[in-house]
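Here the structure comes first, spelled out in structure tokens, and everything after it is commentary.
The values are calculated or read from the model by the stated rules, or taken from the named source; none is laboratory data. Since the structure is predicted, the reported quantities are computational estimates derived from the model, not experimental observations. Ideal geometry is used to build each Cβ from the backbone, glycine not excepted, and the neighbour counts take in all protein chains shown. Just the protein is used for accessible areas: all its heavy atoms, side chains included, with ligands, DNA and RNA removed. Shrake-Rupley method; radii C 1.70, N 1.55, O 1.52, S 1.80 Å.
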Amino acid sequence: SAPLYNVYVYIVPYTSILLPDGNVKYIDILPPNNTVNITYNLIYNPVAIAMGATQTYMRYMSVPFGVTIIFRDVSGFMQYFNTSLSILLEPFIDLKLEDIKASISGEILRVSGTIVNYGIATARSVEAKVNIDGEMIGTLVGDIDPASQSVFRIETKIKHIPNNVLLI
């Protein structure tokens, strides 16, 4: 029934699996009977748990956070409210290409690079393909585990210098 002033919303992870990119949000005035959506960017931290001699990666799991809301009421007094929330972390694959190099030596075209899996699920049967003027040439990279990387190299004989080389 009354506005809130100088509202600070703090989000604090209880574990280091998901880390907020900036854990404090500020709202100048929150009018009564209004809803405000606050968005946090969460960064996945690939944590491996050692269980005996093997390592397993965290997959489906609930990630808990503490939330504190601090505000001034209409009388100017500081108030706070503590609660907690939980976020369901689902498996995902996030592949990125890095260190891409392409060179032509004589009649040989070489394309190489690194594929990094920033996700928490294994990317199965990954292939790297090069499209050279409509002709597809590729290589099987294989499975890429979470928080891992794999290098690839594609070599092919060419008849002429291509106009376009597209890496897929």
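Scan region 73-84 and tell me whether some residue there is outside any strand (DSSP E or B) and hydroxyl-bearing (Ser, Thr, Tyr). So far as region 73-84 goes, yes, one or more of its residues are outside any strand (DSSP E or B) and hydroxyl-bearing (Ser, Thr, Tyr).
Among the conditions (1) on the phi > 0 side of the Ramachandran plot; (2) touching a Phe, Trp or Tyr at 6+ places or on another chain (Cβ under 7 Å); (3) at pLDDT below 95, Asn6 misses just one, which is (3).
For region 143-168, the set of residues classified as of a type outside the set (A, V, I, L, M) and in a loop (DSSP other than H, G, I, E, B) consists of Asp145, Pro146, Lys159, His160, Pro162, Asn163, Asn164, listed by residue number. Here is a list: Ala102, Ala121. Which entry is in contact (Cβ under 8 Å) with a residue 60 or more places away in the chain, over 27 Å from Ile158 (Cβ atoms) and not acidic (Asp, Glu)? Of the residues listed, the single one that is in contact (Cβ under 8 Å) with a residue 60 or more places away in the chain, over 27 Å from Ile158 (Cβ atoms) and not acidic (Asp, Glu) is Ala121. In the set Thr83, Thr156, Thr139, only one residue is open to solvent by less than 30 Å² (accessible area, probe 1.4 Å) and of a type in the set (Ser, Thr, Tyr); that residue is Thr156.
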